[in-house]
Amino acid sequence: ETESLTITKPDIADQNPELYAQYLENLRNYRDSHHKIVYAWFDNSIKNTFSRGQHIENLPDSIDVVAFMYPDSLEGWELDEMESVRQKKGMKIIFTLSYDAIKLNYDNMVAALQNSGSGTAETQSFISYLADTLQHSLKLVDKYNYDGISIGYNGKSVLHMTEKEKVEYTSNETAYIGIISTWMAIHKDKTVVFEGMPQNLVNKTILNSCEHII
């Protein structure tokens with residue numbers, strides 16, 4: 001008859017705890033040294049996991065910063081693993097605030113309202129929508145104790161824009177960067193990186209405050 005077997009797969013943490021503790025200390029010291037920084041974007045959408053590959057505890061130790069693709073609605077075990085890799089391995093956990101994704105969501109919302117015949121009179125302005133979205137997202141940093149954020153911005157080149165288009169583009173960018181800059185002034189202990197196409201920023205001052213440009 002078939003029977004269930006318990007298979008034990010020992011690792012270095014179980015076989016030699018003292019050696020593993022020394023390794024972790026060396027790893028944390030390495031994080032503080034001058035070295036090439038490794039970023040990884042992690043799909044944490046699956047909450048009922050069925051593979052160790054769906055846990056950040058099993059990510060390669062060479063990764064310095066992990067960016068969650070779904071920063072909200074974290075489970076208790078995710079928070080525990082975040083704290084574990086932060087304390088034991090010196091990893092940082094962040095998430096991306098994508099301007100382009102926010103703009104696309106807004107444009108799709110407006111198109112859906114227009115197609116439904118609801119009209120544009122009741123449509124929220126983009127800057128108002130942008131502010132609401134950013135305020136909600138930035139609160140997640142404190143709620144889940146993230147180590148920081150990535151400013152996601154591809155934008156567009158203004159070279160071939162009309163004056164009207166350039167004014168609107170600049171206004172939207174100013175609102176986006178302004179809200180984040182205000183948050184950064186209050187959260188000086190948090191890591192902030194820029195992710196995207198910095199050449200498309202009208203005002204590139206924010207780059208001076210970013211730890212890395214990706």
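The values are calculated or read from the model by the stated rules, or taken from the named source; none is laboratory data. Bear in mind the structure is a predicted one, so any value in this text is a computation, not a measurement. Note: ideal-geometry Cβ built from the backbone for every residue, glycine included; neighbour counts use all protein chains shown. These accessible areas exclude ligands, DNA and RNA; they are computed on the full protein's heavy atoms, side chains included. Shrake-Rupley method; radii C 1.70, N 1.55, O 1.52, S 1.80 Å.
A few points about this structure:
- Placed amide H near G196: partners under 5 Å, 5+ positions off or other chain: Y153, I214
- Candidate values (i) 32; (ii) 40; (iii) 45 were compared with percent of Cα pairs over 27 Å apart computed on the shown model; the agreeing label is (iii).
- Carbon plus sulfur fraction of accessible area for the chain, probe 1.4 Å, in percent: 52 percent
- DSSP-assigned coil residues among trypsin sites (Lys or Arg not before Pro) in the stretch 1-65, each with at most 13 further Cβ atoms within 10 Å: K36, K47
- Taking each of K89/K139; K47/K190; K143/K188; K89/K188; K36/K204; K143/K204 in turn, the alpha-carbon distance tops 20 angstrom for K89/K139; K47/K190; K89/K188; K36/K204; K143/K204.
- Note that the stretch 73-88 has calculated 3J(HN,Hα) couplings of 6, 6, 7, x, 5, 5, 5, 5, 5, 4, 5, 5, 5, 5, 6, 7 Hz, one per residue in order, obtained from phi through the Karplus relation 6.51 cos²θ - 1.76 cosθ + 1.60 (θ = phi - 60°); glycine and proline are x.
- Full extension of the chain between L79 and N208 gives 43.3 nm of extra length, using 0.36 nm per residue less the Cα-Cα distance.
- Accessible surface area normalised per residue over the chain is 61 Å², counting heavy atoms of protein chains with a 1.4 Å rolling probe.
- Restriction of the trypsin sites (Lys or Arg not before Pro) in the stretch 136-214 to DSSP coil positions whose beta-carbon has at most 15 other beta-carbons within 10 angstrom yields K156, K188, K204.
- Amide proton proximity set for T96, modelled H, under 5 Å, gap of 5+: S150
- In this structure the amide hydrogen of H187, modeled in the peptide plane, comes within under 5 Å of no amide hydrogen from residues 5 or more places off or on another chain.
- Derived scalar couplings between HN and Hα for the stretch 137-144 equal 5, 5, 5, 5, 4, 6, 4, 10 Hz in order, rounded to whole Hz, by the Karplus curve 6.51 cos²θ - 1.76 cosθ + 1.60 (θ = phi - 60°), x for Gly and Pro.
- Restriction of the GluC sites (Glu not before Pro) in the stretch 1-34 to DSSP coil positions whose beta-carbon has at most 13 other beta-carbons within 10 angstrom yields E1, E3.
- Residue-by-residue Karplus 3J(HN,Hα) for the stretch 173-181, coefficients 6.51, -1.76, 1.60, Hz, glycine and proline x: 5, 4, 5, 4, 5, x, 5, 5, 4
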